[in-house]
Amino acid sequence: MESDHEYCIMNTTPKIHAMIVAAGRGSRFGASIPKQYTLLQGQTLLQHSVARLAESAYIDKCLLVVAADDSTAQTLSFAQPIYYAVGGAERWQSVQSGVEAMLNAGANKEDLVVIHDAARPAVPTHDIDAVIQAAMREPYGAILATPVADTLKQSYLAANMLCNLEYEAASPHKPLNAQPKLTNSKSGHNTLHAYAQKTIDRSHIWQAQTPQVFRLEQLQQVLSYVAEHNLAITDEASAFEYLELPIRLVTGSRQNIKLTYPDDAIVLAAILAAQS
Ligand SMILES: Nc1ccn([C@@H]2O[C@H](COP(=O)(O)OP(=O)(O)OP(=O)(O)O)[C@@H](O)[C@H]2O)c(=O)n1
Ligand SMILES: C[C@](O)(CO)[C@H](O)COP(=O)(O)O
């Protein structure tokens, strides 16, 4: 029975390599610096994410994929040995650059690669271990994901109501079911708003997270397919889906949120404080 730490395929003992993608600009977050360098609980998101991976017994060093003009990462201290690669314009191109760096550094094509977002600093270590263990037992890979918990609406865009509904001030003597007065739209132009068209069945809908874990050569091949076919993907699992290759979904913690919009910072700070 192979130990979890080393699993055998074709009489070799593949190893596990970790990469953190941190080459984004954080445009939706809107800060003056890339969001991976935002300080929460006294450390940058990037340092938190590196430390989380370091807590896993499977990981003892980490590749950081950073922007070509990044001058911050190498000024920081990290919880484990670090090496670097330069990212690309799209997230998947940053991953592709990281895969090439790992192979050029001597990784074997059958080795597993653990890919994590720098923007997900609160991932529990037991989730990291769980997705790695799942990927060891899958032919193509595994990702963390969380089932959708809210009602999902599909929307359509429409012009503002042609009439403004004016409700007279409620008065103690006014019947509750009084009809509102319709008046002509005050605005001289129609504003487009989103309206609910229908509710999506969420019983098989998941929110993908990271880490996402694959074998290096297979990931290299599917990302080449993405490049050759000019596909737009936002995670590596999507590339395998295009080729109808099964990727295991491992239920992850809802604490593993991604810092994307300004509102996420207060939530993430509270999660990190609660985890410390
Ligand atoms: N070309 C890119 C784009 C994103 N990322 C990384 O991928 C992770 C998740 O992507 P996302 O949340 O989209 O980050 P940004 O692209 O920075 O955000 P935005 O889309 O708002 O600009 C982040 O850690 C980000 O640094 C990357 O390494 N290379
Ligand atoms: C990989 C990912 O974290 C899965 O949810 C996400 O797709 C990456 O961020 P982006 O905002 O989609 O670029």
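The values are calculated or read from the model by the stated rules, or taken from the named source; none is laboratory data. Just so we're clear, the structure is a prediction, and the values are computed from it rather than from any experiment. Positions of Cβ are backbone-derived with ideal geometry, glycine not excepted, and every protein chain shown enters the neighbour counts.
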Look at TYR261 and say whether it is aromatic (Phe, Trp, Tyr) and within 16 Å of ligand 1 (Cβ to nearest atom).
yes
Taking the residues in segment 204-230 that are within 15 Å of ligand 1 (Cβ to nearest atom) and not in a helix (DSSP H, G or I) as candidates, determine which candidate is nearest to ILE59 (Cα to Cα).
PRO211
Per-region count, segment 99-145, residues crowded, with 24+ Cβ neighbours inside 10 Å and of a type in the set (Phe, Trp, Tyr)
0
Within segment 239-276, work out how many residues are outside any loop (DSSP other than H, G, I, E, B), closer than 27 Å to LYS109 by Cα and without any contact (Cβ under 8 Å) to a residue 40 or more places away in the chain.
2
From the list VAL131, VAL113, VAL148, pick out the single residue that is modelled with pLDDT of 95 or more and within 16 Å of ligand 1 (Cβ to nearest atom).
VAL113
